[in-house]
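Shown next, in structure tokens, is the structure this report addresses.
The values are calculated or read from the model by the stated rules, or taken from the named source; none is laboratory data. Quantities reported herein were computed from a predicted structural model and do not represent experimental measurements. Positions of Cβ are generated from backbone atoms using ideal geometry, with glycine treated the same way; all protein chains shown enter the neighbour counts. For accessibility, only protein heavy atoms count, side chains too; no ligands or nucleic acids. Shrake-Rupley method; radii C 1.70, N 1.55, O 1.52, S 1.80 Å.
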Amino acid sequence: MAFKNLKSTLKNYPLTHLPTFALVIGAISFWLELYVIRLPLGHSSWMAWVVFIFCLLILVCFRAWKLNFKYYKDLLVDKSWGFKAILAIAALLILVYLSVGLYASFFPPHLVQESDALTYHITLPRQHLIRHSFAHITWSTPDLFLLPLDYALSPFELSTLWPNKVIQFVFFAGCLGLVFHLVYLLSGKSVRRSAIGVLAVMACHGIAIQVGLAMLDLVMLYCFLAFLDSFLAGRWALAAIEFTFFFWSKAFIPPQMAVIGIMVGIILWGALKRGFSHDEIPIPGPRGRKIFITVFLAASLGVALPYLVKSFYYTGSPLYPFGVGFLPPLVQCAPDHWQSILQRAGECLSEKDRYGHGRSIIAFIKHFWLIAVPEKGVNNVFDYPIGLIYLLALGPFFGHAVSSLKSKKLPLLSLMIMVWWMTWWWGSQQSRFLLVPICLMIILSISFLPRISRILIVLVIMILALEAVSLINAHRHDWGKSYFSVLRDKDKKLLETKSPLENSELELNFPDAAFSPFPVTVRHSDSVYVLPH
């Protein structure tokens, strides 16, 4: 009976949610690598990859492929030759786009956009593997951050001679599959709209700029889209696991999600009192809520608890840098160290004011245009531009919301996006923290647009072509080069070093070392690149 239940589960498990397996496998593998396998020099074994590929093969064997390929077959049936020509151009652009992203993912992190990965996303998990300990690394402030996704990905990233980014590309592919399926569900099973939704998301500059790079925003995007897809399908346990990884992905996400949930709940309660119904997304019944909450709490123990306890032990707050100072830390430290902790936490929180043009009414009106386009060079004051596709989705999104309200229906997803946007506005105005609401905005716009015209399709493909060119240009300096040759000079020096050196001797710059609440001593093994002996 148990085997039959497992077989039924595997048959019904969607392949687009395969990256969720990677997160679960990676989260467990990290602790095994740290305390059981204990490879030297901060490397991980191939265990995570082997288990992940095994799960992939099992799902492929149990899944009915015709249920997936029928989408693409239906896309070509009873369509004009003009539409097929447009589809062929789109397919070519997708092939180029994905090929460049996959090629770039095999290189070790080395680009400016990957500075966070080089500073702590990959460096910190490797440092813990080097030390075979999860104790706080005293020179690194980010080591106190809530970083479950970083550690869940590290067994995949550190399994090769130099860190790779292939697992991030797997999550990007998962995002595209989820966009297709979400549009398919919301639009009433329209294959054409689903395909256009995928093209539109790929054409979003804020997403395209991260393809093939060691950045975690696409992983976070996957987690939320996967949660939403599972939620719509009534897979409550899977939805809870995927939401758990998203909820604990960064320290500001839990309070942000709490604010969004409370605001949406209050507005929904008031709307239902006034005779409105809700649209776009179902509300789970008592059984669904019970399963979701139970699995979420249980999964949080494994996903987040070690990081929450660590932060609380050293800073007195489980969500460093938030709330530091309300309680003393559990560990005894000198008074000047405690003052340093408070100062660094304040400096981390003040980072949110580095972005945007302020929070005035005029700035709010202007930002809808400014986040989409570059202001100076290729970036803007919101970090980097979201792109033109967002502007195409803005009108249809608000049009659908207004239409639903006129019909006495409260569009829950649209409402959530608006509240999410406002929390972003009053928080850190970095454009990358808008990827989830903007992706959802594109999905809703494509799903509920009254008519998908040829002009819209051509515009989306033109923008996608521009993004493909941009992607090629971003990696043009790496074409045909060896993995070693693309490394930064400082990392090449580290690979040539056979004995520990002080930070000053190699002129290493760890941006977050300046914010460390403890004395800093950085040696050669503190880099993401370490010479294997």
Members of the range 270-288 found to be assigned to a loop (DSSP other than H, G, I, E, B), open to solvent by 70 Å² or more (accessible area, probe 1.4 Å) and farther than 19 Å from Val402 by Cα, listed by number: Ile283
For a quick check of your reading of the model, give me the residue pairs whose first member lies in the range 397-425 and is of a type in the set (S, T, N, Q), whose second is open to solvent by 30 Å² or more (accessible area, probe 1.4 Å), with beta-carbon atoms closer than 6 Å and at least 6 apart or on different chains. Ser404/Asp279; Thr423/Val259
Is it the case, given these coordinates, that Leu178 is over 30 Å from Cys333 (Cβ atoms) and aliphatic (A, V, I, L, M)? yes
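Please enumerate the residues belonging to the range 334-373 that are part of a loop (DSSP other than H, G, I, E, B), of a type outside the set (A, V, I, L, M) and without any contact (Cβ under 8 Å) to a residue 60 or more places away in the chain.
Selection gives His357, Gly358, Ser360.
Going by the structure shown, is Leu225 touching a residue at least 24 places away in the same chain (Cβ under 8 Å), assigned to a loop (DSSP other than H, G, I, E, B), open to solvent by less than 10 Å² (accessible area, probe 1.4 Å) and under 29 Å from Ala304 (Cα atoms)?
no
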Of (1) among the aliphatic types (A, V, I, L, M); (2) out of contact with any Gly (no Cβ under 9 Å at 6 or more places or on another chain); (3) within 21 Å of Phe243 (Cβ to Cβ); (4) surrounded by 22 or more Cβ atoms within 10 Å (Cβ to Cβ), Leu182 satisfies all except one. Which? (2)
Working only within the range 356-376, note down all residues that are within 22 Å of the chain's Cα centre (by Cα), within 29 Å of Pro321 (Cβ to Cβ) and at pLDDT 90 or above. Ile371
The range 383-407 - residue that is small (Gly, Ala, Ser) and outside any helix (DSSP H, G or I) and, of those, most open to solvent (accessible area, probe 1.4 Å): Ser407
Out of the range 136-163, which residues are touching a Pro at 6+ places or on another chain (Cβ under 7 Å), within 19 Å of His110 (Cα to Cα) and either modelled with pLDDT under 90 or open to solvent by 10 Å² or more (accessible area, probe 1.4 Å) (or both)? Leu161, Trp162, Pro163
Could you go through the range 309-330 and let me know if any residue there is closer than 26 Å to Gly26 by Cα, open to solvent by less than 40 Å² (accessible area, probe 1.4 Å) and either part of a helix (DSSP H, G or I) or touching a strand residue (DSSP E or B) at 6+ places or on another chain (Cβ under 7 Å) (or both). yes
Could you figure out which of (1) within 28 Å of Ile94 (Cα to Cα); (2) in contact with a Gly (Cβ under 7 Å, 6 or more places away or on another chain) isn't true of Pro450? (2)
